[in-house]
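Asker: Right, I'll just put the structure down here and ask away after.
Readers should treat all values here as calculations from the given coordinates under stated rules, not as data from a laboratory. Please read all numbers here as calculations on a predicted model, not as lab measurements. Every residue, glycine as well, gets a Cβ built from its backbone with ideal geometry; the counts of neighbours run over all protein chains shown.
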Amino acid sequence: MPENYRNDNVVLSSALHMLMKFGDIQNAERIFRSNKKKDIITYNALINGYNLNDESSKCFKILEEMRHEGIVPNDITWNILIGACSQIGMIHRCEYIIDRIPLDIQNKRQIQNSLIDMR
């Protein structure tokens, strides 16, 4: 990827999505790590890519990294994580995620539908 695009988060997120869609996790991770200005959009693209490639456990590691970096998960992040929990059938992870979703986000219809679907 040309250097001048590496810190454009829209381009980066699109590249992450494309690479993950084709199962190229290693290059997606490399591009993600090379970005110096990660934001919620790039984190969501990586988490979603892991989920698409049956790497759900990595989704939760990225959630912790986000917290460490001060990036606050949004409703899209939580929706992806609910899907990851549902996909791997890990009840304890589901409970962990549900306990951490802020109430204002839990009340959104899309999140409620995902939570119902998870059970």
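Asker: Please state, as a whole number in µm²/s, the translational diffusion coefficient that the Stokes-Einstein equation yields for segment 76-119 at 25 °C and 0.890 mPa s, with Rh defined as the Kirkwood radius across alpha carbon pairs.
Answerer: Working: Rh = 10.1 Å.
Approximately 243 µm²/s, per Stokes-Einstein.
Asker: Using only the Cα atoms of the chain, each taken as one equal point scatterer with no solvent, compute I(q) by the Debye sum, divide by I(0), and report log10 of the ratio at q = 0.15, 0.20 Å⁻¹.
Answerer: For the requested q values the scattering log ratios are -0.65, -1.07.
Asker: Still on this structure, I have one more. Cross-link partners among lysines for LYS37, C-alpha distance below 20 Å, same-chain residues fewer than 8 apart left out?
Answerer: Cross-link targets: LYS61.
Asker: Measuring from label point to label point, each 7 Å out along Cα→Cβ, what is the MET90 to ASP54 span in nm?
Answerer: The answer from the label model is 1.6 nm.
Asker: Restricted to Cα positions, what overall size does segment 33-78 have along the principal axes? Three whole-Å values, descending.
Answerer: For segment 33-78, the Cα spread along each principal axis is 26, 23, 16 Å.
Asker: State, as an integer percentage, the relative contact order of the chain based on alpha-carbon contacts under 8 Å between residues 6 or more apart. Don't skip to the answer; put the middle values down first.
Answerer: Values: 115 pairs, mean separation 23.6, N = 119.
Reported relative contact order: 20 percent.
Asker: Follow-up question, since we're still on this one. About the Cα centre of segment 3-118, what is the dipole size in debye to 20, counting +1 per Lys and Arg Cβ and -1 per Asp and Glu Cβ, all else neutral?
Answerer: In debye, rounded to 20, segment 3-118 gives about 180.
Asker: Follow-up. What number, rounded to the nearest 500 deg cm²/dmol, is the helix-based mean residue ellipticity at 222 nm of the chain, given -39500 (n - 2.57) per DSSP H run of at least four residues and division by all its residues?
Answerer: -22500 deg cm²/dmol
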